[in-house]
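The values are calculated or read from the model by the stated rules, or taken from the named source; none is laboratory data. Please read these numbers as outputs of a predicted model, since none were measured by experiment. Neighbour counts are summed over all protein chains in view; Cβ atoms, including those assigned to glycine, are modelled from backbone coordinates with ideal geometry. With ligands, DNA and RNA removed, areas are computed over all heavy atoms of the protein, side chains included. Shrake-Rupley method; radii C 1.70, N 1.55, O 1.52, S 1.80 Å.
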Amino acid sequence: MKKVLLIATGGTIASKQTDNGSLAPDITSEELLEYVPEAKDICQVTAYQLYNLDSTNICYEHWIGMAKCIEQNYQKYDAFVITHGTDTMAYTAAALSYMISNNRKPVLLTGSQKSIYLRDNDARNNLINALIFACDDMSTGVHILFDNKVILGTRARKTRTKSYNAFTSIDFPEVAIVDGKVRRYIEESEQSEVKFCCVARPSLFVVKMFPGMDSSIIGLIGNQYDAIVLEGFGVGGMPNYDSDGFYQEIRRLIDNGKIIVMTTQVTHEGSDMTRYAVGHRLAKLGVIDAEDMTLESIVAKLMWLLGRNLNRNHLIKEFLTPIRWDRLQ
Ligand code: ASP
């Protein structure tokens, strides 16, 4: 029987109602397991309480904590299941995909829209299916399992706030469907030795463009952070009203060694700055095109690369190098 480490970090799955009727994490990792007695027939699970947080409060330090917890237990277990709040689960999944490379052992993140203690909930189904996928001989690497779907850690996004089918695989096929048994659509394999690089530095800001936005904000933010992600319109570009202020600010920041990445507010098909004149001139200036990467992967990858203290050119080269299908070139 395979050995699985269940790492509990909080989220709705582990929440109970507080006195004012709102939900907050309270259920322990051991208690989570008591709600799924059939887990004993699937694998030998050990429960470990790493955090008990609403995932709104999970940040890069917790990503590092989770990656280190897996590193410390890597030889002792065959697979890892992390229970996590859904709100920032996609960011954590992306971050772990970068921090743990050549990872042959499955790391499954799961959670739920309804708490595990309620009579009707999606929590038990998600947890059991996560354990089933974690124990499948063909499983490797970081994924989210939610509502029977297995989604690559670098491709997941929360697209529904309340429904059970809360996650979507963005511009990439689902890896598998698990409903008591595994139906696999994508085969993955890792040949080399696992490597952990558990670092991150959050010197980063994401700017969502809106019509009529004032360009001065770019300069103000740029002075504070090492990297800026511009969430532009369509395939990506910046307006040239405002005395060409956007262009001037971005040029000044790039001259000062800042990393500027262009992505899109549109969910599917990514950015392509070369398409229109409003983007083309930025590409020439050295703004980096995120193409089809999700915002979650862009943020996690940039924080991870900033944490490695690479020089600007090296960082850009690594950012553009695909990892776990985060960009398809
Ligand atoms: N706010 C919760 C969290 O992300 C939502 C959930 O788990 O579904 O922790």
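Which condition number does residue 142 fail, the rest of (1) open to solvent by 10 Å² or more (accessible area, probe 1.4 Å); (2) in contact with a Gly (Cβ under 8 Å, 6 or more places away or on another chain) being met?
That leaves (1) as the condition not met.
Which pairs have Cβ atoms under 6 Å, sit 6 or more apart or on different chains, and link a residue in segment 42-65 that is under 22 Å from residue 301 (Cβ atoms) and among the aromatic types (Phe, Trp, Tyr) to one that is open to solvent by 40 Å² or more (accessible area, probe 1.4 Å) and away from the ligand (no atom under 16 Å from the Cβ)?
60/202
Are any residues in segment 299-327 touching a residue at least 12 places away in the same chain (Cβ under 8 Å) and closer than 19 Å to residue 173 by Cα, and if so, which ones?
323, 324, 325, 326, 327
Of everything in segment 9-25, what is open to solvent by 50 Å² or more (accessible area, probe 1.4 Å) and within 24 Å of the chain's Cα centre (by Cα)? Give them in sequence order.
23
Could you tell me how many of the residues in segment 81-97 are assigned to a loop (DSSP other than H, G, I, E, B) and small (Gly, Ala, Ser)?
1
Does residue 52 count as in a loop (DSSP other than H, G, I, E, B), of a type outside the set (Asp, Glu) and within 16 Å of the ligand (Cβ to nearest atom)?
In short, no.
Looking at 271, 203, 243 in this structure, which one is in contact with a helix residue (DSSP H, G or I) (Cβ under 6 Å, 6 or more places away or on another chain) and either at pLDDT 95 or above or more than 24 Å from residue 328 (Cα to Cα) (or both)?
The unique qualifying residue is 203.
Applying the selection to segment 63-112, what residues are among the small types (Gly, Ala, Ser) and away from the ligand (no atom under 14 Å from the Cβ)?
Matches in segment 63-112: 65, 67, 79, 94, 95, 97, 101.
Given (1) assigned to a loop (DSSP other than H, G, I, E, B); (2) at negative phi, identify the lone condition not met by residue 131.
Evaluating residue 131 over (1) assigned to a loop (DSSP other than H, G, I, E, B); (2) at negative phi leaves (1) as the failure.
Is it the case that residue 134 is touching a residue at least 40 places away in the same chain (Cβ under 8 Å), over 14 Å from residue 10 (Cβ atoms), within 16 Å of the ligand (Cβ to nearest atom) and open to solvent by less than 10 Å² (accessible area, probe 1.4 Å)?
When the stated conditions are applied, residue 134 does not pass them.
Could you say whether any residue in segment 98-119 is in contact (Cβ under 8 Å) with a residue 40 or more places away in the chain and in a helix (DSSP H, G or I)?
Yes.
Being in a strand (DSSP E or B), of a type outside the set (Lys, Arg) and touching a residue at least 12 places away in the same chain (Cβ under 8 Å) is the filter here, so list the residues in segment 1-20 that pass it.
Answer for segment 1-20, where residues must be in a strand (DSSP E or B), of a type outside the set (Lys, Arg) and touching a residue at least 12 places away in the same chain (Cβ under 8 Å): 4, 5, 6, 7, 8, 9, 10, 15.
Restricting attention to segment 34-48, which residues are open to solvent by less than 60 Å² (accessible area, probe 1.4 Å) and over 12 Å from residue 79 (Cα atoms)?
Here is the first cut: in segment 34-48, the residues open to solvent by less than 60 Å² (accessible area, probe 1.4 Å) are 36, 39, 42-43, 45-47.
Those that are open to solvent by less than 60 Å² (accessible area, probe 1.4 Å) and over 12 Å from residue 79 (Cα atoms): 36, 39, 42, 47.
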